[in-house]
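Visitor: Just dropping this structure here.
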């Protein structure tokens, strides 16, 4: 019993059993936080609270879900399960039935229930705060508790009162993430919360390498807010949805392989349609270029294996897999998967046709992006040590979508 709520001893959600949190649990999806950002910030002595968590709590490297994009990984974290279970494997996809290209702006693809929906339906006080509206619509699916976005700050402020000194954070800035964290602090200060999920933006990591002053300063701002959450008695868990890598050449220009152009040169016009699942409403900082694309054959007379082998031999390609192979290897949903999945080699980006990508917003900046296996390694940090059973489990390897299991079930505040 918590207050006057009848609570079952455990909730089974997507194959995992969760106990009732004995202290407020705050999980932060630190969007784009490649482990290199922690290393650089520690060397600059900019993150005392995170450093203490890594030293006195629990810290390992985990693998993100593939493809290493925002939507599939946030949904995986929210459900505690890989994309094969959740049904979400990109920000953008081709609907095979209609031939229509669809940007994911809600939870219509989701096949699994979120941890938030199940706990809130059972009487828990659950809050979800995201940087972006489009992600909130997925994460808040069937969730009856607080659901807020930094893109809609008026609604957030109306729901929980003043949030720091913010009125309207710029969506193309670090402020979007800091608003989310300040909202989390305000929630814990002003009302009871059992579970809070805070999903940040990766604007800074797309723009700045780990050692750059802007990145160090941002890490320090995040750390200060994590310190406030810890002082409020929360169990804090931190993961990322993906890492981040430089995808530019020595002269600073983007190193991009345009997969659709390459296929049309080799197999003729109209040979295939290439979909970039990184595409979302926030494209200024990556121009829809990332480390993972899907190929859909348009001409049934073409030999799929020949297309696969041609792609696998191109400079900038790490893997070219037939759809079923990719699904089996990377735990992807089979429904809607491409005929061929192409994953970039480290340091390269993949696009569709060059004419479809506007690189003008990258002027003066190196392309930094994500999507492939090179961005799978992410931090997995808890404010408290693990009990022996979970510590032993962790030695076998961690996924970023394990974080709620470990934060709720694996530590003793």
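We did not get these values from a lab; they are worked out from the coordinates using the rules stated. Predicted model, so just to flag it, every value in this text is computed and none were measured. When we count neighbours, we look across all protein chains shown, and the Cβ atoms used for this are built from the backbone with ideal geometry, even at glycine.
Visitor: Regarding the chain, what's the average projected area of the Cα-atom convex hull, expressed in nm²?
Guide: 19.6
Visitor: How far, in degrees from 0 to 90, does helix 70-79 lean away from the longest principal axis of the Cα atoms of the chain, to the nearest 10?
Guide: Helix 70-79 sits roughly 40 degrees off the main axis of the chain.
Visitor: Something else about it: Rank by packing, highest mean first: peptides 159-167, 314-322, with packing defined as the count of other Cβ atoms within 10 Å averaged across residues.
Guide: 314-322, 159-167
Visitor: Note the full-extension length gain between residue 217 and residue 189 as 0.36 nm times their separation in residues minus their Cα-Cα distance, in nm to one decimal. Walk me through the numbers on the way to the answer.
Guide: Working: separation 28, 0.36 × 28 = 10.08 nm, distance 2.52 nm.
That works out to 7.6 nm of additional length.
Visitor: Once the principal axes of the Cα atoms of segment 256-369 are found, what is the range along each, listed largest first in whole angstroms?
Guide: Rounded to whole Å, the extents work out to 42, 32, 25 Å.
Visitor: Remind me, relative contact order of the chain in percent, using alpha carbon pairs under 8 angstrom and six or more residues apart? List each step's numbers first, then the result.
Guide: Details: 960 pairs, mean separation 112.1, N = 413.
Normalised by residue count, the contact order of the chain is 27 percent.
Visitor: Sorted from fewest to most neighbouring beta carbons within 10 Å, what does the list 327, 276, 29 look like?
Guide: Working: 327 19, 276 27, 29 30.
Going from sparsest to densest Cβ surroundings: 327, 276, 29.
Visitor: I've got another one for you. Take 193, 79 and order them by how many other Cβ atoms sit within 10 Å, fewest up front. Please list the in-between numbers first.
Guide: Details: 193 21, 79 28.
Starting with the residue having the fewest Cβ neighbours, the order is 193, 79.
Visitor: Specify the angular offset, from 0 to 90 degrees and rounded to the nearest 10, of the alpha carbon long axis of helix 213-231 from the longest principal axis of the alpha carbons in the chain.
Guide: On a 0 to 90 degree scale, this one is about 30.
Visitor: Next question. Order these by the 10 Å Cβ neighbour count, fewest first: 130, 305.
Guide: Least to most surrounded, the residues fall as 305, 130.
Visitor: Using only helices, what value at 222 nm comes out for the chain when you add -39,500 (n - 2.57) per DSSP H run of length 4 or more and divide by the total residues, to the nearest 500 deg cm²/dmol? Mind dumping the intermediate values first?
Guide: Details: 15 runs with 134 residues, N = 413.
Counting only the DSSP helices, I get -9000 deg cm²/dmol.
Visitor: Using the scaling law 2.2 N^0.38 Å as the reference, what is the normalised Cα Rg of segment 1-115?
Guide: On the way: Rg = 18.3 Å, N = 115, 2.2 N^0.38 = 13.4 Å.
With N residues counted in segment 1-115, Rg over 2.2 N^0.38 Å equals 1.37.
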